[in-house]
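The structure under discussion appears below in the form of structure tokens.
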Number of protein chains: 2
Amino acid sequence: MSARDVIDAAVADIRPPDEAARDGARGVQSRLTKPAGALGRLEDLHVWAAGLRRDPRPTVDRPAIVVAAADHGVAVERVSAYPQDVTPQMVANMLAGGAAVCVLADHAGAEVHVVDAGVLVDVVHPRLRRVKVRAGTSSITNGTAMSRDDAETLVASGIDVARELCDGGVDVIGLGDMGIGNTTPAAAITSVVAGLPASATVGRGTGVDHVAFQRKLAAVERAIEVNRPDRSDGIDVVGKVGGCEIAFLAGVAVGAASRSVPVVLDGYPTTAAALVADAIAPASRGYMLASHVSAEPGHHFALDHLGLEPLLDLRMRLGEGTGAALAISLLRAALRLPREMATFDSAGVSRSTGETIAEA
Amino acid sequence: MSARDVIDAAVADIRPPDEAARDGARGVQSRLTKPAGALGRLEDLHVWAAGLRRDPRPTVDRPAIVVAAADHGVAVERVSAYPQDVTPQMVANMLAGGAAVCVLADHAGAEVHVVDAGVLVDVVHPRLRRVKVRAGTSSITNGTAMSRDDAETLVASGIDVARELCDGGVDVIGLGDMGIGNTTPAAAITSVVAGLPASATVGRGTGVDHVAFQRKLAAVERAIEVNRPDRSDGIDVVGKVGGCEIAFLAGVAVGAASRSVPVVLDGYPTTAAALVADAIAPASRGYMLASHVSAEPGHHFALDHLGLEPLLDLRMRLGEGTGAALAISLLRAALRLPREMATFDSAGVSRSTGETIAEA
């Protein structure tokens, strides 16, 4: 199958949520020993997951976080506070278990899968998956990040990896990213897809100063002007002003959705991947959960465009899937409640006297 | 020792945060493989806990949630959507493991301790602690909730229970409440302490309709007018317009702080207890963590008065310690990071090139 065929097949496989399972979940919630709605967004998470998993009381038994790493040609414009050699160093750190995402994934009981989607230097490690078709992008300020073929191949690789994980039992996938300079393509994608000026989508990333911020702003403006991506064509957008890990993660989102597996977004670059996935497969949007809103100012515009309300706001701006890990832990808690709580009948607890009060 | 002596001794034992441990925690954070500040509030939690635990890398090994239950005389004014027999029914449900707090506490690895601080009916169970000095409060709309002696005894009992738990190894205590009608005294306490009209502090609790809401509003206004509590005297406030579980939980907060153990608040009634604890022992405030802001509108005023910013906003309004359980899980995650993440040096990761960029 060609990359295009893989993508088309996955898009066609995405089902709408199962309304019967959602109704069943609402029924379960109404019988649990608590006032109706008192568990707030934990109840919403349950109903949402029930529809996607087609089960009124779904579980999350085997969560995974897929962290994709790549380098960015635009980094030569010094848009980041870190040198590019940090990308492979952090890949190695993740494989050794020393990165923040490793700790938070373990806290959530989630596996971490690290993928080289386009790192400049080859990291050698038995657990590193390599899907790269090029060693990083070209600078988006004077041409496309990559060819259309490369973009399709990376999206198809993401679909393949997601499907392999889901077919092996993974039942929720968190997205994580590592790539020095990647809030610049994230801002460019958000500007293109949401139709916003760079001044709304560019932030300080890992912590650049005012001068570097101005360079980053100019880089995003130039990238869009030079490349003129077609916002209705996700492959065009990510190929022209995106990044290799962003293209791959867009594929992971589409692939997970095609297997009825929820996708937990992390920060700005993974949400840019979600914007691309949504452009490729609008039905994938329903499978997405926004874990948190990052301190990067453009992130909330990207989430708004997807109609997603973040679960957490902890002023995090690390990426790697760290926010996704925290949200997966919350999701697991939310899904335990309908399976483990007593019902009014089983516990002999009286129901609301709402009717009587309404008459008073 | 008299109850007053127990309270005075605990208040005197509360130490200010250890600045050296806080500085040590900041130093640890600066060496971890992530941009400075990129873990947002997780870093703040670490520094906060370090100061209280007097350890630059503190752990939470044995969290506990203390759920105090009691009945409220004001319930005869039909301020709740539930009948009063739900209080003992839910106490039994908690002891059987079927309540929401049991599931979420287990998710957080926390013990649940259920305390009868003043339930009308006696629940018999080997794991139920009984500290009650009276079977619920008198209605606050035509006199005091309880005598000053009763209030002091309940606060002292809370101190005793907290100290016993801390001396046994518990290293963080979450507060939980169960008491049909208890958002009414919570609103009265918040109005008195924060100097706000009842219209700002009264909400719909477990879900009452408009007519019941008006009754609740009138009850709070009458309670304050009839009793005229002295806002600078926590015992006076909780004895006149409070509740037995609120007095007890105020004592738990003071007792935990006196043992350098952090206290995690839950919803409106536990935050009312925190207001009382703060009035009794202003130094206890530094030991408090606001887990979440509940859907009950007065809750954020109570948190504002304490200068606390909630970690979560999940539109929960259940109580029981459910929000505290979720925050304890986050706190544990936050405290694992400085112990388990690699440092720039250990992982061979390059530091920020911020200086160079600043010159560009």
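Annotations
- Inspection of the stretch B:170-177 finds a residue satisfying the criterion of being under 19 Å from the mean Cα position of the chain (by Cα), surrounded by 19 or more Cβ atoms within 10 Å (Cβ to Cβ) and among the acidic types (Asp, Glu).
- Top-ranked residue of the stretch B:191-201 - restricted to ones that are part of a helix (DSSP H, G or I) and not aliphatic (A, V, I, L, M), ranked as most open to solvent (accessible area, probe 1.4 Å): B:SER199
Conditions (1) open to solvent by 10 Å² or more (accessible area, probe 1.4 Å); (2) within 19 Å of A:ILE328 (Cα to Cα); (3) under 22 Å from the mean Cα position of the chain (by Cα), marked per residue:
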position: A:ALA212; (1), (2), (3): no, no, no
position: A:ALA223; (1), (2), (3): no, no, no
position: A:ASP236; (1), (2), (3): yes, no, yes
position: A:VAL241; (1), (2), (3): no, no, yes
position: A:VAL252; (1), (2), (3): no, yes, yes
position: A:GLY255; (1), (2), (3): no, yes, yes
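- Of all residues making up the stretch B:120-177, the number that are outside any loop (DSSP other than H, G, I, E, B), β-branched (Val, Ile, Thr) and closer than 28 Å to B:ASP230 by Cα: 4
- Those helices (runs of 4 or more DSSP H) lying entirely in the stretch A:262-350 with at least 3 residues within 13 Å of chain B (Cβ to nearest Cβ): A:322-340, A:344-347
- Test: residue in the stretch A:52-67 that is of a type in the set (Lys, Arg) and in contact with a strand residue (DSSP E or B) (Cβ under 8 Å, 6 or more places away or on another chain): yes
- Residue match in the stretch A:1-12 (condition: open to solvent by 40 Å² or more (accessible area, probe 1.4 Å), among the acidic types (Asp, Glu), without any contact (Cβ under 8 Å) to a residue 12 or more places away in the chain and closer than 25 Å to A:ALA108 by Cβ): no
- Checklist (1) away from every other protein chain (no Cβ under 14 Å); (2) without any contact (Cβ under 8 Å) to a residue 60 or more places away in the chain; (3) among the small types (Gly, Ala, Ser) applied to B:ALA70, failing item: (2)
- In summary, A:HIS125 fulfils each of the numbered conditions (1) within 14 Å of chain B (Cβ to nearest Cβ); (2) free of Cβ contacts under 8 Å to residues at least 24 places away in the same chain; (3) open to solvent by 40 Å² or more (accessible area, probe 1.4 Å) with the single exception of condition (2).
- Search result, residues across the stretch A:48-82 that are within 20 Å of the chain's Cα centre (by Cα), β-branched (Val, Ile, Thr) and either more than 18 Å from A:GLY174 (Cβ to Cβ) or open to solvent by less than 10 Å² (accessible area, probe 1.4 Å) (or both): A:ILE65, A:VAL66, A:VAL67
- Selection from the stretch A:255-280 of residues that are touching a residue at least 60 places away in the same chain (Cβ under 8 Å) and of a type in the set (Gly, Ala, Ser): A:GLY255, A:ALA256, A:ALA257, A:SER258, A:SER260, A:GLY267, A:ALA272, A:ALA273, A:ALA274, A:ALA279
- Qualifying residue in the stretch A:26-43 (condition: within 19 Å of A:ALA108 (Cβ to Cβ), open to solvent by 20 Å² or more (accessible area, probe 1.4 Å) and either among the hydroxyl-bearing types (Ser, Thr, Tyr) or within 14 Å of another protein chain (Cβ to nearest Cβ) (or both)): yes
- Considering the stretch A:99-120, and only residues there that are open to solvent by 10 Å² or more (accessible area, probe 1.4 Å) and out of contact with any Cys (no Cβ under 7 Å at 6 or more places or on another chain), the residue that is farthest from the other protein chains (Cβ to nearest Cβ) turns out to be A:HIS113.
- Among the candidates B:ARG204, B:ARG231, B:ARG215, residue that is part of a loop (DSSP other than H, G, I, E, B), among the charged types (D, E, K, R) and within 14 Å of chain A (Cβ to nearest Cβ): B:ARG204
- Matching entry among A:LEU104, A:LEU95, A:LEU128 (being modelled with pLDDT of 95 or more, within 11 Å of A:GLY321 (Cβ to Cβ) and within 23 Å of the chain's Cα centre (by Cα)): A:LEU104
- Condition met for A:VAL133 (open to solvent by 10 Å² or more (accessible area, probe 1.4 Å), free of Cβ contacts under 8 Å to residues at least 40 places away in the same chain and in contact with a helix residue (DSSP H, G or I) (Cβ under 6 Å, 6 or more places away or on another chain)): no
- Number of positions in the stretch B:34-65 that are of a type in the set (A, V, I, L, M, F, W, C) and either closer than 19 Å to A:ALA99 by Cα or without any contact (Cβ under 8 Å) to a residue 40 or more places away in the chain (or both): 7
- Lone unmet requirement of (1) part of a loop (DSSP other than H, G, I, E, B); (2) open to solvent by less than 20 Å² (accessible area, probe 1.4 Å) for B:ALA187: (1)
- Of B:LEU318, B:LEU303, B:LEU275, B:LEU314, all but one fail to be open to solvent by less than 10 Å² (accessible area, probe 1.4 Å) and closer than 19 Å to B:ALA110 by Cβ; the exception is B:LEU314.
The values are calculated or read from the model by the stated rules, or taken from the named source; none is laboratory data. Being a predicted model, the structure only gives us computed values, none of them experimental. Glycine gets a Cβ as well: all are built from the backbone with ideal geometry, and neighbour counts include every protein chain shown. Areas reflect the complete protein model, heavy atoms only, side chains present, ligands, DNA and RNA absent. Shrake-Rupley method; radii C 1.70, N 1.55, O 1.52, S 1.80 Å.
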